[in-house]
Amino acid sequence: MTQNASIVLDIGKTNVKLSLLDAQANTLAEQRCPNNIVQDGVYPHHDTERIWSWMLQIFSEFSRIAKVSAIIPVTHGATAALVNGNGLVLPVLDYEAELPEQDNHQYQPLRPPYQQSYSPDLPAGLNLGRQLVWLQNNYPQEFAKASHVLMYPQYWAWRLSGVAATEVSSLGCHTDLWDTSQQTYSTLVEKKGWTSLFPPMQKAWTRLARIRATLARETGLPADCQIICGVHDSNASLLRHLKDAGNKHRTVLSTGTWTIAAALGADQERLDEHADMLANTNVLGKAVSCMRFMGGREFAILAGQEPVTCTPSDISKLISQNTFALPCFAESGGPFSGQLAKISGQAPENMQERYALATLYCVLMTDYCLEKLGSEGDIIIEGSFTNNPYLAAMLASLRPQQNIELSNDTSGTTYGAWMLHHWENLPDLDSQAGAVSKLEPPGLLTYKAKWRELVTSR
């Protein structure tokens, strides 16, 4: 039986994935299920009990494959759990739930200034502080019962270990709760008197405790299996680059439901509050300039839920006939949030052309974000867009001054979370990225210029 294996619990906005990896980061097994939102009840919320039951079942399966030494939770941001010794005091609110406009107006005076938090004013519940204020105002008795506010990765670590912790990468992710410039709690936390609700700060790689004894018996996992504190998902994708980057400029594109460009070494003075630009805080407690849009979701809307891969000629046809996809195709986030989505020119005629248009759209949006950030140095693409045969190659043509690499790991979050298990003594592993060859369909640069003119003049 394989020894010293890791289980990564990766809760994305669309799917939940459990991965079993050996000590060299090879995947031994993987299971996933949809991350459904419960629409009935007090408000739209995460189905934490369904995830929990499924997770324990898969733990039992994995325990028969390898001896698991650690479990590492990694989740999407903008999510927190209010708990006490009995469990959740309120369901975990879905960040895409639309909060009443009246409550949004009441929240505005409480928000810290942008230059303190580098957290833009985002729609729905994407600013976690807005969620917490709304919950406290509308469910004051339940809120008062909470002994802790747990960031979402640390909620799962707490359920597994019994130890409550706070970790900076989730706390410093467009929450309004963190002073990014000073790396301390924001004025919002002070005004609301919430500081005591946040457990002690721990490093993402901290081994909080062994798994609860009852869970070890139920799942067959070793009694000495360690529960790692955990990390925000797009910050997990940065971990390998933090370890070897030094002072070099580079940009990591973490792609999934969200496409997030994290520009290491970029100047925060370029950040624009009104373009969904922000500074996240990495696991080392340092600000990282970021920009994002809902690339995976917008791709699915344009290409269809069962996409059919196009050919280069499909892309060339759309370019030659000036068929443009203009943002925004998702309801939340991005530099053009709030603008009405539009297909300009002749509409795609089949599924292959829909895939081609979705690819062109995501290439141009990504290029726009990289330019706004002032991205320099290598660009490493990780996540779901690594499966697209044309996206990285066309991006390389649009940005010839930068070397673009495609990660061999389709989930940078999984590898990054695995690193936390071995953080103090990382093995010397082969490079996970390969260089990308350019693909420049005829007229691509002119097409980009026309697209830029259309989106910036609306």
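Checking the structure you have, find out if any residue of region 351-359 is open to solvent by 10 Å² or more (accessible area, probe 1.4 Å), within 21 Å of HIS274 (Cα to Cα) and of a type in the set (Phe, Trp, Tyr).
Filtering region 351-359 down to residues open to solvent by 10 Å² or more (accessible area, probe 1.4 Å) leaves 351-352, 354-355.
From the residues that got through so far, the ones that are within 21 Å of HIS274 (Cα to Cα) too are none.
No, every residue in region 351-359 fails to be open to solvent by 10 Å² or more (accessible area, probe 1.4 Å), within 21 Å of HIS274 (Cα to Cα) and of a type in the set (Phe, Trp, Tyr).
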Review point. Hey, any hits in region 134-141 for a residue that's over 21 Å from THR281 (Cβ atoms) and of a type in the set (Phe, Trp, Tyr)?
Key: yes
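Mind telling me which of the residues LEU221, LEU242 ends up being modelled with pLDDT under 95 and over 30 Å from GLN106 (Cα atoms)?
On the way: LEU221 fails: modelled with pLDDT under 95.
Only one candidate passes the filter, namely LEU242.
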Check your understanding: Which number in (1) open to solvent by less than 10 Å² (accessible area, probe 1.4 Å); (2) touching a residue at least 40 places away in the same chain (Cβ under 8 Å); (3) in contact with a helix residue (DSSP H, G or I) (Cβ under 7 Å, 6 or more places away or on another chain); (4) not in a loop (DSSP other than H, G, I, E, B) marks the one condition that ASP176 misses?
Key -> (4)
Review point. Looking at TYR118, TYR95, which one is closer than 24 Å to CYS229 by Cα and either open to solvent by less than 40 Å² (accessible area, probe 1.4 Å) or in contact with a Pro (Cβ under 6 Å, 6 or more places away or on another chain) (or both)?
Key: TYR95
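Quick one: which residue in LYS248, LYS286 is open to solvent by 10 Å² or more (accessible area, probe 1.4 Å) and in contact with a strand residue (DSSP E or B) (Cβ under 8 Å, 6 or more places away or on another chain)? Explain how you work it out, then say what you get.
Working: LYS286 fails: in contact with a strand residue (DSSP E or B) (Cβ under 8 Å, 6 or more places away or on another chain).
On inspection, the qualifying residue turns out to be LYS248.
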Check your understanding: Which members of region 20-37 meet the condition of being within 12 Å of ILE65 (Cβ to Cβ) and touching a helix residue (DSSP H, G or I) at 6+ places or on another chain (Cβ under 9 Å)?
Key -> LEU20, LEU21, THR27, LEU28, ALA29, GLU30, GLN31
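Quick one: which residue in VAL68, VAL42, VAL74 is touching a residue at least 24 places away in the same chain (Cβ under 8 Å), of a type in the set (Val, Ile, Thr) and assigned to a loop (DSSP other than H, G, I, E, B)? Quick ask: steps written out before the conclusion?
On the way: VAL68 fails: assigned to a loop (DSSP other than H, G, I, E, B); VAL74 fails: assigned to a loop (DSSP other than H, G, I, E, B).
Testing whether each residue is touching a residue at least 24 places away in the same chain (Cβ under 8 Å), of a type in the set (Val, Ile, Thr) and assigned to a loop (DSSP other than H, G, I, E, B) leaves just VAL42.
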Check your understanding: So which of LEU364, LEU340 ends up being of a type in the set (A, V, I, L, M) and either touching a helix residue (DSSP H, G or I) at 6+ places or on another chain (Cβ under 7 Å) or surrounded by 16 or more Cβ atoms within 10 Å (Cβ to Cβ) (or both)?
Key -> LEU364
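I'd like the residue in region 1-21 that is in a loop (DSSP other than H, G, I, E, B) and not small (Gly, Ala, Ser) and, out of all such residues, is most open to solvent (accessible area, probe 1.4 Å).
Step one: list which residues in region 1-21 are in a loop (DSSP other than H, G, I, E, B), which gives 1, 12-14.
Filter again for not small (Gly, Ala, Ser), leaving 1, 13-14.
On the way: MET1: 139, LYS13: 16, THR14: 69 Å².
In this case the residue turns out to be MET1.
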Exercise for review: Kindly establish whether GLN24 is at pLDDT 95 or above and surrounded by fewer than 20 Cβ atoms within 10 Å (Cβ to Cβ).
Suggested key: no
Study note, to complete from the structure: Of the residues in region 206-240 that are closer than 14 Å to SER6 by Cα and not hydrophobic (A, V, I, L, M, F, W, C), the one that is surrounded by the most Cβ atoms within 10 Å (Cβ to Cβ) is GLY230
Review point. What helices (runs of 4 or more DSSP H), lying completely within region 353-458, carry at least 3 residues that are under 19 Å from ALA236 (Cβ atoms) and at pLDDT below 95?
Key: 412-421
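Taking the stated definitions as given, is GLN346 assigned to a loop (DSSP other than H, G, I, E, B), farther than 21 Å from ALA261 by Cα and of a type in the set (S, T, N, Q)? Talk me through it step by step, then tell me what you get.
Details: assigned to a loop (DSSP other than H, G, I, E, B): yes; farther than 21 Å from ALA261 by Cα: yes; of a type in the set (S, T, N, Q): yes.
Yes; evaluated as a whole, the condition is true for this residue.
Give the residues of region 308-337 that are of a type in the set (Gly, Ala, Ser) and either modelled with pLDDT under 95 or open to solvent by less than 20 Å² (accessible area, probe 1.4 Å) (or both), sorted by residue number.
The initial filter retains those residues of region 308-337 that are of a type in the set (Gly, Ala, Ser), namely 313, 316, 320, 325, 330, 332-334, 337.
Across region 308-337, the qualifying residues are ALA325, ALA330, SER332, GLY333, GLY334, SER337.
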**Study point:** Counted residues, region 139-157 - those being open to solvent by 30 Å² or more (accessible area, probe 1.4 Å) and in contact (Cβ under 8 Å) with a residue 24 or more places away in the chain
**Key:** 5
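Answer yes or no as to whether ALA81 is hydrophobic (A, V, I, L, M, F, W, C), modelled with pLDDT of 95 or more and more than 25 Å from ALA223 (Cβ to Cβ). Steps first, answer last, please.
Working: hydrophobic (A, V, I, L, M, F, W, C): yes; modelled with pLDDT of 95 or more: yes; more than 25 Å from ALA223 (Cβ to Cβ): yes.
Yes; evaluated as a whole, the condition is true for this residue.
Quick check on my filter: what residues within region 179-197 are under 25 Å from LYS145 (Cβ atoms) and outside any helix (DSSP H, G or I)?
Keep residues of region 179-197 that are under 25 Å from LYS145 (Cβ atoms), which gives 185-186, 188-197.
Result: TYR185, SER186, GLY193, TRP194.
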Check your understanding: Regarding THR75, is this residue closer than 30 Å to SER332 by Cβ and of a type in the set (S, T, N, Q)?
Key -> yes
Exercise for review: Having 1 or more residues that are closer than 21 Å to LEU128 by Cβ is the bar; report the helices (runs of 4 or more DSSP H) wholly within region 198-290 that clear it.
Suggested key: 233-236
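The values are calculated or read from the model by the stated rules, or taken from the named source; none is laboratory data. Since this is a predicted model, take the numbers as computed values, not measurements. Cβ atoms come from the backbone with ideal geometry, glycine included; neighbour counts cover every protein chain shown. To get the accessible areas, we keep the full protein, side chains included, count just its heavy atoms, and leave off ligands, DNA and RNA. Shrake-Rupley method; radii C 1.70, N 1.55, O 1.52, S 1.80 Å.
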